[in-house]
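Participant: Take a look at this one; I'll ask things after.
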Amino acid sequence: MKIKDIMSAPVYVVSPDETVARARNLMLRHKIGRLVIIENNKPIGIVTKKDISRRLNQAEPQWRRRPIDDIPIRKVMTESLVTIFPDATPRQLAELMSENNIGGLPVVNNKDEVIGIVTKWDLIKYFSELALPLTVKDLKINPALTVHRHHTISHILYELDINSADRAVVLEDKDMPVGIITSSNLTFTEMKSKTGGLPHKEIKMTRKESAAGKKQYRYISEVPLVAEDIMSSPLISIKSDELATYAAGIMVKERINGLPVIGNGVMGILTGENIVKSIMTM
């Protein structure tokens, strides 16, 4: 099988001077995680959900002066673009992804024209259709980063950053897993602040003028969103002794790139990276 057999087309592209708002809208509308940046009909970069979400807690002056949705794509895109030819193999693609720590790359012809795009999704789907005896635990799953449902977005972004993680399992009291937060949750959270700050919510509280008095309402704004406000729930998970190809099939069906592995608590997260590394050894 060749890359041309598993790649996706058409490719959604933007120019470097279009805004983050435009990129987010395209990603939402077409349910995609990355866009190729084109200038003078040539690919010059790529922008992903992760590129956008990591800017949410950005403190640089250019991000404080105007809303994030007005920032041009060139400010967040990755310029060191890696491409692949259509006749390459899935194993060669897996090696490129692993070596460059990337989750997708454009497919180009011999004229350097973009004819498609391949991502971890395509490799996960390819893997799910193979007849392999591997179980989930054979893939050396990654430890899971966990946060509490009351942790703020700012705290979650900090934890993701210092742990170099793309997702976190959300725990209820007594360490019960109740949801997951990914780059998608963070990227597509509605930006309500006119200054480009992190989003907040309004909460309504009641009080009485006296012990037997009539309840009165008051509104308190500027309350930071927390994990439970943006997490994906209910949690989709897998057991460690299930077939790895079955787990990959769930990831394809549910359109998720991280599958918590549950045993005695949260054992870890099966990710696209685990599957990519497995393909490299085939």
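Participant: Anything over 18 Å Cα to Cα? Flag those among Lys174/Lys239; Lys49/Lys120; Lys31/Lys111, in the order listed.
Facilitator: Lys174/Lys239; Lys31/Lys111
Participant: Per-residue counts of other Cβ atoms within 10 Å, averaged by peptide: what ranking do you get for 35-41, 178-184, 113-119, highest first?
Facilitator: 178-184, 113-119, 35-41
Participant: What are the aspartates and glutamates whose alpha-carbon lies under 13 Å from the alpha-carbon of Lys75, with same-chain residues fewer than 8 places away excluded?
Facilitator: Candidates past the 8-residue exclusion: Asp17, Glu18, Asp51, Glu60.
Participant: What FRET efficiency comes out for Met280 versus Tyr12 if R0 is 35 angstrom and r is the Cβ-Cβ distance? Round to the nearest 0.05.
Facilitator: 0.80
Participant: Quick one: length gained pulling Met176 to Glu95 fully straight, 0.36 nm per residue minus the C-alpha distance?
Facilitator: The span from Met176 to Glu95 would gain 25.5 nm if fully extended.
Participant: Shifting gears a bit: Put a dot 7 Å past each Cα toward the Cβ at Leu130 and Glu254; how far apart are the dots in nm?
Facilitator: Distance between label points: 2.2 nm.
Participant: If you stretched the chain out fully between Lys140 and Val82, how much longer would it get, using 0.36 nm times the residue separation minus the C-alpha to C-alpha distance?
Facilitator: Result: 18.2 nm gained on full extension.
Participant: With the alpha-carbon atoms as the only input, what is the per residue convex hull volume for the range 3-128 in Å³?
Facilitator: That works out to 110 Å³ per residue.
Participant: How far is it, in nm, from the label point at His148 to the one at Ser164 when both lie 7 Å from their Cα along the line to the Cβ?
Facilitator: Result: 2.9 nm between the two label points.
Participant: ³J(HN,Hα) across the range 74-91 via Karplus (A = 6.51, B = -1.76, C = 1.60, θ = phi - 60°), whole Hz, x for Gly/Pro?
Facilitator: My calculation for the range 74-91 gives 4, 6, 10, 6, 8, 8, 6, 7, 9, 10, 9, 8, x, 8, 5, 9, x, 5 Hz in order.
Participant: Starting from the Cα-Cα distance between Glu113 and Arg29, subtract it from 0.36 nm times their residue separation and give me the gain in nm to one decimal.
Facilitator: 27.8 nm
Participant: With labels modelled as points extended 7 Å from the Cα through the Cβ direction, what inter-label distance (nm, one decimal) is found for Arg22 paired with Asp5?
Facilitator: The modelled label-to-label distance comes out at 3.8 nm.
Participant: What's the center-to-center distance, using Cα atoms, between the range 20-52 and the range 92-106 in Å?
Facilitator: Each part's Cα centre sits 18 Å from the other's.
Only the coordinates and a few stated rules stand behind these numbers; no lab work does. If you're wondering where the values come from, they're calculated on a predicted model, not measured in any experiment. Note that each Cβ is placed from the backbone with ideal geometry, even for glycine, and that neighbours are counted across all protein chains shown.
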